[in-house]
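Colleague: The structure is given below, and queries will be raised subsequently.
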Amino acid sequence: MRIKSIKRKQKVKLTVNGKEIIAYKCETVLSALIASGYKALKTNPASQEPRGALCGMGVCFECTVTINGIPNTRACMTEVQDGMVIETNDQG
């Protein structure tokens, strides 16, 4: 899902829901998740329907995930770092 003509920076490895993905330095966690095929990041607490990012710029809080044990972190406002452990909140 990445545009091949864009030159990427250094590769970094992230663990998302127990699976390793590759991201690139200076990307946001949200962009790395989307590029790796993650669309649903959490579920609606009432209906249990999947929810994904809406604004991508830190306003809506629909992209919150757990990063390195810190819950409710906005994926769109967090730059990837090698070795990050990310849990989406759609696990039930």
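The values are calculated or read from the model by the stated rules, or taken from the named source; none is laboratory data. Since the structure is predicted, the reported quantities are computational estimates derived from the model, not experimental observations. We place every Cβ from the backbone using ideal geometry, glycine too, and count neighbours over all the protein chains shown.
Colleague: Out of the residues in region 73-92 that are among the polar types (S, T, N, Q) and without any contact (Cβ under 8 Å) to a residue 60 or more places away in the chain, which is nearest to T43 (Cα to Cα)? Before the answer, list the steps.
Modeller: The first filter runs over region 73-92 and keeps only residues among the polar types (S, T, N, Q), leaving 73, 78, 81, 88-89, 91.
From what's left, without any contact (Cβ under 8 Å) to a residue 60 or more places away in the chain: 73, 78, 89.
Working: T73: 15, T78: 21, N89: 7 Å.
Result: N89.
Colleague: Here's another thing I want to ask about it. Considering region 61-72 alone, what residues qualify as being under 11 Å from L41 (Cβ atoms) and assigned to a strand (DSSP E or B)?
Modeller: T64, V65, T66 - these are the residues of region 61-72 that are under 11 Å from L41 (Cβ atoms) and assigned to a strand (DSSP E or B).
Colleague: I've got another one for you. If you go through region 43-56 one residue at a time, do you hit one that is in contact with a strand residue (DSSP E or B) (Cβ under 7 Å, 6 or more places away or on another chain) and of a type in the set (A, V, I, L, M, F, W, C)?
Modeller: Taking every residue of region 43-56 in turn, none turns out to be in contact with a strand residue (DSSP E or B) (Cβ under 7 Å, 6 or more places away or on another chain) and of a type in the set (A, V, I, L, M, F, W, C).
Colleague: Quick check on my filter: what residues within region 36-87 are in contact with a helix residue (DSSP H, G or I) (Cβ under 9 Å, 6 or more places away or on another chain), of a type in the set (K, R) and at pLDDT below 95?
Modeller: Selection gives K39 alone.
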